[in-house]
Amino acid sequence: MYLLILIIVFSVVVLLSVLMAPYIRKYVAGGVCLSQARLSGKIVLITGGNTGIGKETARNLAARGARVILACRSVEKGEAAAAEIRSKVSGAQVEVRELDLADTCSIRAFAQQFLKEVSHLHILISNAGVMMCPYTKTADGFEMHLGVNHLGHFLLTYLLIGLLKRSAPSRIVVVSSLAHNFGWIRFHDLHSQGSYNSGLAYCQSKLANVLFVRELARRLEGSGVTVNSVHPGTVRSELVRHSTVMSLLFTLFSFLLKTPEEGAQTSVYCAVAEELHSVSGKHFSDCTPAFVAPQGRSVKTARQLWNVSCELLGIEWD
Ligand SMILES: NC(=O)c1ccc[n+]([C@@H]2O[C@H](COP(=O)([O-])OP(=O)(O)OC[C@H]3O[C@@H](n4cnc5c(N)ncnc54)[C@H](OP(=O)(O)O)[C@@H]3O)[C@@H](O)[C@H]2O)c1
Ligand SMILES: *[C@@H]1O[C@H](CO)[C@@H](O)[C@H](O)[C@H]1NC(C)=O
């Protein structure tokens, strides 16, 4: 008797799932950037544009007519992605430059070359990121998550901000995450030398992204340069490569994850949407404003992080 009920319930659930599948899929896909904005004559720089969300963001912006530069740590992978984009988008202008965000020498060399060769920069998308890697340090001795996700992009932005201002109106989009909610900035042990948890280190770096955006927006007021952060959604990509558990979960529940193309929508939205032309310092998800954790709204923490970041990078930025 119970077995029969169980079977019936199970069948109903399966049937409903199948019937609902298109709706579930649409819900999972999330917000879509509806803007038809064209970007002819515009120059775009995307870090980590060789795979995942970055590659799809590059493809979308290239299809709008922009000249897109992929800044990748592997030129070979970058060229493969560029070739793929050119094959899908006729007339796409895509270029590849070498940039390793885990090495400030590489970032400085990249910027120096970039400033020599490129006359304008209208859109900077700080997209590259690492998640849950084993304890490692960057060339400069920074913990890898903080070093690549936050400090690397902080230095890159510092080096390119003059060009962005000269190219105004221009936009900066920083790909953060919902994970910022679970992070806090451990000023007493920024590089997790005392204790290391790869998940928390990721969350700390993504919170740093949000705080950086808010403080930078304040400093850029009136400059014609806007900066916003993004949560792309939970997206099928190579991001989980360092975690066996996460890789397994992502494979099992892949039908509940966004495709990279869906995951790129909010980055594209923040880069092109007409209605955002003067919106700055905000956080977006599914192409709408999104919740920012209290620790991401603290002006004091944002300023303290700004100061510490400048110290670590040996720069003065005010
Ligand atoms: N996927 C998600 O569910 C999710 C959710 C929230 C936020 N995000 C954020 O979305 C962004 C893009 O991630 P994704 O999901 O597209 O992951 P992904 O497929 O792993 O792509 C990450 C990109 O970052 C590059 N990168 C890593 N370390 C670098 C370094 N030292 N220098 C230069 N580039 C480096 C990678 O290059 P290689 O290919 O050479 O490794 C790759 O191009 C990340 O910032 C991530 O935190 C993703
Ligand atoms: C950051 O540095 C500035 C200038 O050196 C200083 O005035 C300010 O008090 C510092 N802020 C924090 C929160 O440490």
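Computed from Cα positions, the angle between helix 198-220 and the longest principal axis of the chain comes to roughly 50 degrees.
Based on C-alpha pairs under 8 angstrom that are at least 6 apart in sequence, the chain has a relative contact order of 20 percent.
Sort out for me the Cα centre separation of segment 28-42 from segment 239-255, rounded to whole Å. Going from one Cα centre to the other spans 28 Å.
Too long at a 27 Å Cα-Cα cut-off: which of K77/K165; K137/K282; K26/K165; K77/K137; K206/K258? From the list (K77/K165; K137/K282; K26/K165; K77/K137; K206/K258), the Cα-Cα distance tops 27 Å for K77/K165; K137/K282; K26/K165. Projected onto its three principal axes, the C-alpha set of the chain covers 75, 52, 37 Å, listed from the longest axis down.
Each of V245, L146, M1 was scored by the projection of its Cα onto the charge dipole of the chain, and the greatest displacement toward the positive side belongs to M1; charges sit on the C-beta of Lys, Arg, Asp and Glu.
Compared with the dominant Cα axis of the chain, that is its longest principal axis, helix 299-313 is turned about 60°. The 3J(HN,Hα) values that the Karplus relation (6.51, -1.76, 1.60; θ = phi - 60°) gives for segment 125-133 are, in residue order, 10, 8, 10, 4, x, 10, 9, 6, 7 Hz. Gly and Pro appear as x. Could you give log10 I(q)/I(0) at q = 0.09, 0.16, 0.17 Å⁻¹ for segment 187-318, computed by the Debye formula over C-alpha point scatterers of equal weight, without solvent? Relative scattering, expressed as log10 I(q)/I(0), comes to -0.33, -0.99, -1.08. Between the Cα long axis of helix 52-63 and the first principal axis of the chain there is an angle of about 70°, rounded to the nearest 10. Of the Cα atoms belonging to segment 131-197, the radius of gyration and Dmax stand at 14.5, 44 Å. Sorting 282-289, 39-46 by average packing, meaning the other beta carbons within 10 Å per residue, from highest down gives 39-46, 282-289. Build a GNM of the chain with springs between Cα atoms under 10 Å apart, and of D103, D140, D189 the one that fluctuates most is D189.
Please report the spacing between the Cα centers of segment 1-27 and segment 117-177 in Å, no decimals. Result: 45 Å between the Cα centres.
Label positions at T288 and K26, each projected 7 Å from the Cα along the C-beta direction, are separated by 1.5 nm.
By DSSP, the beta bridges lying fully in segment 36-313 are antiparallel in about 10 percent of cases. Rounded to the nearest 20 debye, the dipole size of the chain about its Cα centre is 540 debye, using +1 on the Cβ of Lys and Arg and -1 on the Cβ of Asp and Glu.
Any read-out appearing in this document is the output of simple, stated calculations on the displayed coordinates, not a laboratory observation. All of these numbers come straight from a predicted model, not from anything done at the bench. As a convention, Cβ positions derive from the backbone with ideal geometry for all residues, glycine included, and neighbour counts pool all protein chains shown.
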